1. Has region B:168-181 got at least one residue that is hydrophobic (A, V, I, L, M, F, W, C) and farther than 30 Å from A:Ile231 by Cβ?
2. In region B:165-181, what residues are aromatic (Phe, Trp, Tyr) and surrounded by 21 or more Cβ atoms within 10 Å (Cβ to Cβ)?
3. Would you pick out the residues in region A:445-471 that are assigned to a loop (DSSP other than H, G, I, E, B), among the polar types (S, T, N, Q) and in contact (Cβ under 8 Å) with a residue 24 or more places away in the chain?
4. Being at pLDDT below 95 and either touching a Ser or Thr at 6+ places or on another chain (Cβ under 8 Å) or not in a strand (DSSP E or B) (or both): is that true of A:Ser317 here?
5. Please give the number of the condition A:Lys213 fails out of (1) buried (at least 24 other Cβ atoms within 10 Å of the Cβ); (2) without any contact (Cβ under 8 Å) to a residue 24 or more places away in the chain.
6. Restricting to helices (runs of 4 or more DSSP H) lying wholly in region A:1-108: which have 1 or more residues that are under 29 Å from the mean Cα position of the chain (by Cα), on the phi < 0 side of the Ramachandran plot and modelled with pLDDT under 50?
7. Any chance you could count how many residues in region A:404-462 are of a type in the set (Lys, Arg), over 20 Å from A:Thr63 (Cα atoms) and out of contact with any Gly (no Cβ under 6 Å at 6 or more places or on another chain)?
8. Can you tell me which of (1) touching a residue at least 24 places away in the same chain (Cβ under 8 Å); (2) closer than 29 Å to A:Ala271 by Cα is the one A:Thr292 doesn't meet?
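The values are calculated or read from the model by the stated rules, or taken from the named source; none is laboratory data. Computed from a prediction, not measured in an experiment: that's the story for all the values here. Neighbour counts are summed over all protein chains in view; Cβ atoms, including those assigned to glycine, are modelled from backbone coordinates with ideal geometry.
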Amino acid sequence: MATKDKNEPRSPRRFRRAQAAALLTASALLLTACGGNSGGGAEPAANSSEPVQGGTLVFAEVTPINNFQTQSARFYEKANVLNSVLDRLTYFDAESGKLVPWIASKFSGNEDNTEFTFDIRPDVTFSDGTPLDAEAVKANLDVLGKGLEKAQIQPNVDFSAYESTEVVDEDTVKVELKSADANFLRATSSVAAGLVSPKTLELDNAGQSDIAKISGSGPFVFESEKPDEEIVLAKRADYAWAPETAKNQGAAYLDKVVVKYLPEVAHRAGAVQSGQVDLVRGLQPADEAAVTTGGNQVLPARGIDLTANMAAVRIGSGKLADEKVRQALQVGIDRQALKDTVLSDSYEIAGSILNHRAPGFVDLSADLAYDPEKAKSLLDEAGWVAGSDGIREKDGKKLEVTVTSSNNSVVIKPAFELIEQQWREIGVKLVNRAADNTFLATALQDPKVEFFGTRQFAYGGLGPVFGPETNTQTLNADKDLNELFAAERAAADEAKHGELVAEEQRALVLDKALALVLWDEVQVYGAHSGTQVEFTSGTAPIFQGAWKTAG
Amino acid sequence: MGRYVAQRIGQALLVIWLAYTVIFLAVQLLPSDPVTIFLSTDSAVEQATIDNMKRQYGYDQPLLVQYFAQLGGLLTGDVGYSLASGEPVALRIGGVVGSTIALAVSAFATAVVLALAVVTVATLTRSALLRKIVLNLPPLFAAVPVFWLGLVLLELLSIRWGVMSLFPDGSFLSLAVPVFVLGVHVSAPIAQVLLKSIDTVYNQPFIDVLRAKGASASWIFFRHALKNAGGPAMTITGITVGTLLAGSVITETVFARSGLGAVVLQAVTTQDVPLVQGLVLLTATVFVAVNLVVDLLYPLLDPRILKSNGQGSPRALAV
């Protein structure tokens, strides 16, 4: 296997590295506790101070990435940079849970959600000088909805109902959809729907992926880069079109943001504590205490735009074809133990497949309570009986299931290690291949690999995530679910829509149990004591409103 | 000599072609094609989109057509496009390979110096204790994983003492420390083989003759023993290229340096199969090229290779 050969040595190394990291952390903690090192220098965290103008914020991302084309794959590494460079038509305000005006000063839909009108804010320009007017918005929406053949850009999955845009006048556009989509407006708030200059859209694929060539209307503009090592963004002094609810309505306080990369998880806490970075993403739960004791901050950014972390179920191997088995596994997970052992206070146990703060969230936690006895009797009912080694069997097949996931989350592997223990008690063997990217390359498209550990962006309904036959979660199109998704998307009034979104959650989590939900998506950032920063509903840092106090 | 050279070069080309073929077949063995794998990093993509992108990158063509098209491209230096960035794979790799070469070459030089130092001290010292300590260094170096040494040094130098940055900033330490970390690791096998073959050489009768003629210990070591022990060490040097490349990738990741390591990380994170394909091919080519150079240099150290009329391979003699 091409990917395999190359990376075979990486997985065991990663694992050993994780152990070494744990050892290092432990020794660091010990030394700190002995008072042998005072490196942290506990300054009091500045909380309610006035914003400070100027300065450079150094932000350490996880992996360098070089595909910055707006709508292709939604990696955090990419969104966290683009969020400061590109504006969107609308903004999802996490506090009120509502969509508010941004580049669209007004937006509305017709009664059956097939036609939407956006009033474009006047006087907004892209950083290359091109006006952000109705024509520019139309050009962007066309690419989102239809892709761009000449630059090999594929349509955005959240815009699958898109038909066309009509420029009504200089600052008004009217969007026609092929079919009703109650989630269309929300999707326009996504970083993946960021607006770029029409001149950017004329570039070829490589050009549109190159952060140096992308021109947006955001509060920061690209200044320089060292490929794979850093990106420097400089503030745009004339920025005056922040989202309606943003505390800072003008230009960014910071002069510059420098994005660097720390692929090595063991250094992230130390980077903040030694003051070499002001903000770092991807802190390990084990490092959180060290960061706060040093007087610095642990900032959990809630993934309101995302599903909970889950083990999505593929039924291809046949072992999980019976929903009773899936339901048994759902209640066979002790989520509180997961939080207590593997996670931290920054994490919240999932109450459904949607985030607790997401519009339409319905609390299913009572049905998700840990109940090994119920799990056992469900498995008995399904005909799986314990074999000599304690693992259940049916028709000569063992109930041995496999999980795959990327290594993007720092907690996913230990989480499945604990679940492996929990399931053993109900007679199920879990083969844990989580965080093994090499295995993932083959497993992602293999319906016989029973679980895919993941979380996905979901702007409203869950249709785009679980609907298509090609969806990566279940690799299967479920007829009943798809009827439900279609009804939800077509729902005309808000109350009805909410009801159907709730029904989707119940179907996916309880009745069909195709998503074993674990914890709400969260990205845990470490911040130096003097750093003031908030995050979007998609966990991206809002550098436009960030500042640094002296020190 | 000419025949020997032509044979070696021919063999090298054959190995590269076989490597290309194996990589191509391995990609076909994946449960789906590169485009589908790449697009599955998003939650759900419609079949029409997948088909469209396959067409754009030529993955809808029959396998044989793909095989020869890619082989033809390879001959002209075109190894396809990175699906993630749309950039040609050759350009993407070419843009950063210099940084990795700088690291690898410096680390290799450090490794050779370290290995020679260990062998020289171990052979010439009169102190039994020092000899014992030095003899134990190579196994220690081999046992210390690259990433661990890198982590510990950064933890101490950067986080605890603040004398260097966690990020590459062009300072002396930011190059010297990764070079040292990688050099230490690579020096181990070279020193071990060199020590072993020096031992073998010292057991041969001509050393006694030299001693009887009154040659000094250092004269014997530098003028005779080292040269005769050099062959096997050079062979192992060719083989350490693999260690060197894998070590570079790890070192670059630990030290957040740009280079092949970052590209590997990206290619794997974004499931960019053509980019991985290019990287594997590059690794194979470098491996073959370095071993070709070793094979070509070998007759200079040991003329017996050519006299054996191509019967015994240098490897057979070396071991």
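1. Within region B:168-181, none of the residues are hydrophobic (A, V, I, L, M, F, W, C) and farther than 30 Å from A:Ile231 by Cβ.
2. Selection gives B:Phe167 alone.
3. Result: A:Gln445, A:Gln456.
4. yes
5. Answer for A:Lys213: the failing condition is (1).
6. Once the helices (runs of 4 or more DSSP H) in region A:1-108 are filtered for at least 1 residues that are under 29 Å from the mean Cα position of the chain (by Cα), on the phi < 0 side of the Ramachandran plot and modelled with pLDDT under 50, what remains is A:2-7, A:10-33.
7. 3
8. (1)
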